[in-house]
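Reading through the structure tokens given below for one structure.
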Amino acid sequence: MKKWSDLLKNLTLLTQLGLSLVTPLLMCIALCWWLNTKHGVGGWVYLPGFFFGLGGSGMTAWKLFQSVDKREKEKEKKKKISFNDHK
């Protein structure tokens, strides 16, 4: 049973990560579409929108990497035995 709960936990985290990475890109493309259809801005607006969306996804990935790295360093720090902390 523990194996299934770990599997579902990891699947949920992977799905959340995928949505977090794809959402900024889709929102920027949707904004570009809205600008193009409602306000008559040219098709050139999709190019900066795509790059801004990739930038937002990159920032999400970078923040996730930093948080995982920080968590790993804290785990590693707790494993070390200091002078006053003998276990």
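At R0 = 35 Å, how high is the FRET efficiency between THR37 and MET59 if r is their beta carbon distance? Nearest 0.05 is fine.
For THR37 and MET59, the calculated efficiency is 0.80.
Angle between the Cα long axis of helix 46-79 and the longest principal axis of the chain, 0 to 90 degrees, nearest 10?
Between the helix axis and the principal axis of the chain, the angle is about 0 degrees.
Order the peptides 13-23, 69-79 from the highest to the lowest mean number of other Cβ atoms within 10 Å of their residues.
In descending order of packing, they fall as 13-23, 69-79.
Fully extended, how many nm does the chain gain between LEU21 and LEU8 (0.36 nm per residue separation, minus their Cα-Cα distance)?
The LEU21-LEU8 span can extend by a further 2.7 nm.
Per-residue ellipticity at 222 nm for the chain, helices alone: DSSP H runs ≥ 4 residues times -39500 (n - 2.57), over residue total, nearest 500 deg cm²/dmol?
That comes out to -30500 deg cm²/dmol.
Bear in mind that the values in this text are calculations on the coordinates, not laboratory data. As the structure is a prediction and not an experimental result, all values here were calculated from the model. With ideal geometry, Cβ positions are generated from the backbone for all residues, glycine too; neighbour counts draw on all protein chains shown.
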